[in-house]
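The values are calculated or read from the model by the stated rules, or taken from the named source; none is laboratory data. Please read all numbers here as calculations on a predicted model, not as lab measurements. Using ideal geometry, Cβ is built from the backbone for each residue, glycine included, and neighbour counts are taken over all protein chains shown. Heavy atoms of the whole protein, side chains included, go into the accessibility calculation; ligands, DNA and RNA do not. Shrake-Rupley method; radii C 1.70, N 1.55, O 1.52, S 1.80 Å.
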Amino acid sequence: MDLISFVIALVAFALVAPFLGGLIKGADRIITARIQDRVGPPLLQPFYDVQKLWAKQSKPVNDFIGFYVLMSLIFAILAGAFFFAGGNFLMVVFVLTLSALFFVLAAFSARSPYADAGASREIIQVAAYEPLVILMAVAFYLASHSFNISVSATLEKPLICEIPLIFLALLFVLTIKLRKSPFDLSVATEAHQELVKGAITEFSGRTLALYEVMEWYESVLFLGWVGLFFVFSAGWSWFLALGCVIVVYFLEIMIDNNFARVKWQAMFKWSWLVTLVLGFINLFALYWI
Amino acid sequence: MSSTSKSPWVIHYDASSCNGCDIEVLAALTPLYDVERFGIVNTGNPKHADIFLVTGSVNDRCRPVIQQIYDQMLEPKVVVAVGACACTGGVFRDCYNIEGGADSAIPVDVYAPGCAVRPETIIDAVVQGLGILEQKRAALKAAKKAKR
Ligand code: SF4
């Protein structure tokens, strides 16, 4: 990957992903409403929300919170650009972790009890999903003999045939990454009584708008990870990947609506259990068979 | 109409209501009334909210709480007094501990009467509040420009 193609990918991702992400969020809210027998908001509602937040009075709780959230957003965009430019998967993982770090810093910087609780939970969430992400990188290497994502388009058969158990574990962890119920511990949309808004309690106005946009970028990136498992040398595999991504996201919405939030202990235990059992079985199988 | 009035997020506070009006506020979120159609979300966080729904009359204990929630909300913001108690003090008006309606603590923009208030009235009041929200947004924008 040379510099010019990376810059092109960066600009393209930075411009296109928020549209996709916002539409995904809008569709998510409509489908959720239909599941609950409601009509739901318009498809473009997430864009209205962000536009409104942008126009609000600016009253940050301290001088740093806006900077931290902005950094978190920028690193999320960088990670996405590395991924969709076909760059190194490890690079994507590291940059994304930096983004998560800045988000936690932003939450902690407010020094309010609810934001603190949310930030600690966010750290636990990172600790819960990160092992699988690293295992996924290892498995990707063992299956394709490269850390470069661009090689997936030259594979003879898609990754899902080589590392299906890793894919299942990723599905499990995806719920944590997308901050959806039952693992919406750090930024709960439905936990007013318990946590107000968790990590984003003290975000307001433009800071909150930046956070929302970061979520859009993140969801596009994570769905890209899902698609990665289905892409191989055949041209039609891109459509296969797109179809699978849609199915997976629909599944996520169903899970979101059908499960109550669990305690963080349970999340931690389950995600490590799933990661270790499924991940290692798959790695050993790859190595020796 | 700008995005401000397409995405009014509300926060709901029960001053010293009998809970009748609170249940009606929550009823507005149920599938039957489904206020999310208008982009209305119940946030539970003053820093994220645009519209403040107060139910119940104000007493000495809850006045500072109402004022604090109001102060934590960012401009443009609108206050809706929901129910007879929040409008005037209602049936509790003459109690020894009651100071009056929500407007005895903070400036109120829209009054939604009824004991208990009907969900339709709440939705109407919020929609009326949207107009005021728009005006305040325009004023805020003009003030910002004038500063520059
Ligand atoms: S207006 Fe009526 S229903 Fe509402 S809080 Fe007062 S007494 Fe209760």
Task: Candidates B:F92, B:F38, B:F52, ranked by Gaussian network fluctuation over chain B, Cα under 10 Å, top entry - done: B:F38
Task: Choice from B:V127, B:V91, B:V78 with maximal GNM fluctuation in chain B (Cα, 10 Å cutoff) - done: B:V91
Open item on the list: Please list, in order along segment A:92-99, the HN-Hα scalar couplings obtained from phi with the Karplus expression 6.51 cos²θ - 1.76 cosθ + 1.60 (θ = phi - 60°), rounded to whole Hz, x for Gly and Pro.
Closed with: 4, 5, 5, 5, 5, 5, 4, 4
Open item on the list: Compute, for segment A:3-288, the length of the dipole vector about the Cα centre, with Cβ point charges of +1 (Lys, Arg) and -1 (Asp, Glu) only. Units Debye, rounded to 20.
Closed with: 340 debye
Task: Spin-label model distance (nm) - A:A12 vs A:H145, 7 Å beyond Cα toward Cβ - done: 2.7 nm
TODO: May I ask you to give the percent of accessible area on segment A:3-288 that is carbon plus sulfur, with a probe radius of 1.4 Å?
DONE: 73 percent
TODO: Compute the long axis of helix B:63-72 from its Cα atoms, compare it with the longest principal axis of the Cα atoms of chain B, and write down the angle in degrees, 0 to 90, nearest 10.
DONE: 10 degrees
Open item on the list: With an 8 Å Cα cut-off and a minimum separation of 6 or more residues, compute the relative contact order for chain B in percent.
Closed with: 26 percent
Task: Charge-dipole axis of segment A:208-289 as Lys and Arg at +1 and Asp and Glu at -1 on Cβ define it, positive-most pick from A:I255, A:A234, A:L273 - done: A:L273
TODO: Any of A:K180/A:K269; A:K25/B:K6; A:K25/A:K269 with alpha carbons more than 20 Å apart? Name them for me.
DONE: A:K25/A:K269
- [ ] Quick one: among A:V247, A:V92, A:V231, which has the greatest mean-square fluctuation in a GNM of chain A with alpha-carbon springs under 10 angstrom?
- [x] A:V247
Task: Using alpha-carbon coordinates, inclination of helix A:3-35 to the longest axis of chain A, degrees - done: 70 degrees
Open item on the list: In whole Hz and in residue order, list the ³J(HN,Hα) couplings for segment B:20-34 that follow from phi through the Karplus curve 6.51 cos²θ - 1.76 cosθ + 1.60, θ = phi - 60°; x for Gly and Pro.
Closed with: x, 5, 4, 5, 5, 4, 5, 4, 5, 8, 6, x, 5, 9, 6
TODO: Using label points projected 7 Å from each Cα along Cα→Cβ, tell me how many nm separate A:W272 and A:N257, to one decimal.
DONE: 3.4 nm
Task: Protection-proxy order for peptides A:64-71, A:144-151, each taking the mean of Cβ atoms within 10 Å per residue, highest first - done: A:64-71, A:144-151
TODO: Rounded to the nearest 10 degrees, what's the angle between the helix A:65-84 long axis and the longest principal axis of chain A, both from Cα atoms, 0 to 90?
DONE: 20 degrees
Task: Two-decimal Rg/Rh across chain A, once Rg and the Kirkwood Rh are taken from alpha-carbon atoms - done: 0.96
Open item on the list: Probe of 1.4 angstrom, ligands and nucleic acids ignored: what's the accessible area per residue over segment A:3-288, in square angstrom?
Closed with: 43 Å²
Open item on the list: Suppose a student asked you for the relative contact order of segment A:3-288, using Cα pairs under 8 Å spaced at least 6 residues apart; what percent would you report?
Closed with: 26 percent
TODO: State the percentage of accessible surface on segment B:25-148 attributable to carbon and sulfur atoms; use a 1.4 Å probe and exclude ligands, DNA and RNA.
DONE: 56 percent
Task: Accessible area per residue, Å², chain B with all protein chains present, probe 1.4 Å - done: 45 Å²
Open item on the list: Beyond 14 Å, how much of the Cα-Cα pair distribution for segment A:32-85 remains, as a whole percent?
Closed with: 74 percent
Open item on the list: Roughly how large is the A-B contact in terms of buried accessible area, totalled over both chains, probe 1.4 Å, nearest 100 Å²?
Closed with: 2400 Å²
